[in-house]
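Derivation of every value follows stated rules applied to the coordinates shown; laboratory data play no part. Everything numeric in this text was worked out from a predicted model, so none of it was measured. Ideal geometry is used to build each Cβ from the backbone, glycine not excepted, and the neighbour counts take in all protein chains shown.
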Amino acid sequence: MRGYYSPLATSDRLRVLLLVAFFALTPIFAGAIEFDLLSGRVTGHFDTTATIGIAWRVSDRDQSIIGANNGGTGFSLNGDDGNLNFDNGDIFSTNFKI
């Protein structure tokens, strides 16, 4: 909705921005372990990498891809769910991998 100001939405965006900045600027140290078993007959190396990702919508809804029955100008009713479910600034994906 254009022209609509929501202090809650602004504070949520600020929290996300601060969280992203924190993780981007904080060095993450990953430890590596080497091991030697059975007097050298079994050796190995173990290390771990952790990543975090976040995705959020950065634009307003595009009326040309929203179906006409849902208030848009587009043709298909099946392809607009992602466009209808998320507003500008909404987080739609997060992941953490180890």
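If packing is taken as the average number of other Cβ atoms within 10 Å across a peptide's residues, how do 63-72, 36-45, 15-24 rank, most packed first? Provide the component values of the computation, followed by the final result.
Values: 63-72: 14.0, 36-45: 8.2, 15-24: 11.0.
Highest to lowest by the protection proxy: 63-72, 15-24, 36-45.
Around PHE46, under 15 Å between beta carbons, what's the net of Lys plus Arg minus Asp minus Glu among the other residues?
Numbers: positive: none; negative: GLU34, ASP36, ASP47.
Once positives and negatives cancel, what remains is -3.
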- Task: Would you mind counting up the charge near LEU84? Only other residues with Cβ under 14 Å from its Cβ, with Lys and Arg at +1 and Asp and Glu at -1.
- Result: -4
